[in-house]
Amino acid sequence: MAHSHVLLGAGADPAKLVIRRIGIDDLKEALAKGADDFYAMPTHAMFLCAIYPVVGLLAARLAFGYSVLPLLYPLVTGFALVGPLAALGLYELSRRREAGQQASAAHAFDVLESSSIGAIIALGLLLMGIFALWIAVANAIYVAEFGYATPASIGGFVRDVLTTKAGWSLIVLGNFIGFLFAVLVLAVSAISFPLLLDRDVGAAVALLTSLRAVARNPITMAVWGLIVAIALFIGSLPFFLGLTVVVPILGHATWHLYRKVIEPAESPLPTQHLHPQGRRSAADFPAVLFPWARE
């Protein structure tokens, strides 16, 4: 029964969710609402996404070991494959703000108390598996082109990649396969994680609903994937610090995109942990100092 709940959610029958057709205007509105959520909860979102610049800087520092230098680009770009999992707290904050509930940094961790947590963990492990597979494939491509020898220097590595036939093959093949991984993750996670926060439908239903949503809106979802890729690239340029703005806006926007795609249904709501009223978490500081921080 526990396994059935994780896969199919609460209730005797799997949830039947209605998927809408959406257009580019819906993407614009979702992004606008995501930016508004970020404006209302700026420090909260930055707190949640602080791991992005930290991990990015650590990855850059590891490059000086040279042996992991060939994997630096796959590691940095591969973080987007687990981004939907990392953005769970952002979805929860948008959900609470949309419902008129208090939304502070502490509430982002309410997802851990959700009855859908088993299904969320299952899909999270799937994304982590895809990420690990991407790293393994990227490494295999590099070894096939350049062998097992460790790059002698950063300059030599860059020169080999940019000026040799093997390097050009690495760039073309690596980016093409990386694109396929990104498409897979988009199809699997575009709707599934927000859906699990909103409805107790189970991992299998959430995954299949996300696939159906992408299949019903292929062009629009492709544009959304392109927007996400460009935004993450721009955010990573200034030493990854821009991701503290880009990631929360995209995370909040993903919640509103979910609202555009899935019609309200009668499937059971996941139970949520309720925080005592009138209490604040230390994680809320210094957000409470901002006069524009709205609840």
Subject >> Pairwise FRET efficiency - residue 162 versus residue 21, Cβ, R0 = 41 Å, nearest 0.05 >> reply: 0.45
Original post:
For the residues 210, 114, what sequence is obtained by ranking on other C-beta atoms within 10 Å, fewest first?
Top reply: 114, 210
Subject >> residue 169 versus residue 216: modelled label distance in nm, points set 7 Å from Cα along the beta carbon direction >> reply: 4.5
**OP:** Could you give log10 I(q)/I(0) at q = 0.18, 0.20, 0.22 Å⁻¹ for the range 96-192, computed by the Debye formula over C-alpha point scatterers of equal weight, without solvent?
**Re:** -0.90, -1.02, -1.14
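Can you quote the Å³ per residue value for the convex hull of the Cα atoms in the range 19-264, rounded to an integer?
124
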**OP:** Please name whichever of 235, 194, 170 sits farthest to the positive end of the charge dipole of the range 19-264, dipole taken about the Cα centre and charges placed at Cβ: Lys and Arg +1, Asp and Glu -1.
**Re:** 170
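Relative to the present Cα-Cα distance, how much length would full extension add between residue 237 and residue 117 at 0.36 nm per residue of separation?
Going from the current span to full extension adds 39.8 nm.
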Original post:
Which residues does a label at residue 144 reach in the range 151-172, if reach means a backbone N under 13 Å from a point 7 Å past the Cα toward the Cβ?
Top reply: 169-172
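How large is the translational diffusion coefficient of the range 190-249 in µm² per second when you combine the Kirkwood radius over alpha carbon pairs with Stokes-Einstein at 4 °C and 1.567 mPa s? It would help to have the intermediate numbers written out before the result.
Working: Rh = 13.0 Å.
The calculation lands on 100 µm²/s.
Here, each number is a calculation from the coordinates, and none is a lab measurement. The shown structure was predicted, so the numbers you read here are calculated from the model rather than taken from an experiment. Please note: Cβ atoms are built from the backbone with ideal geometry, for glycine as well, and neighbour counts cover all protein chains shown.
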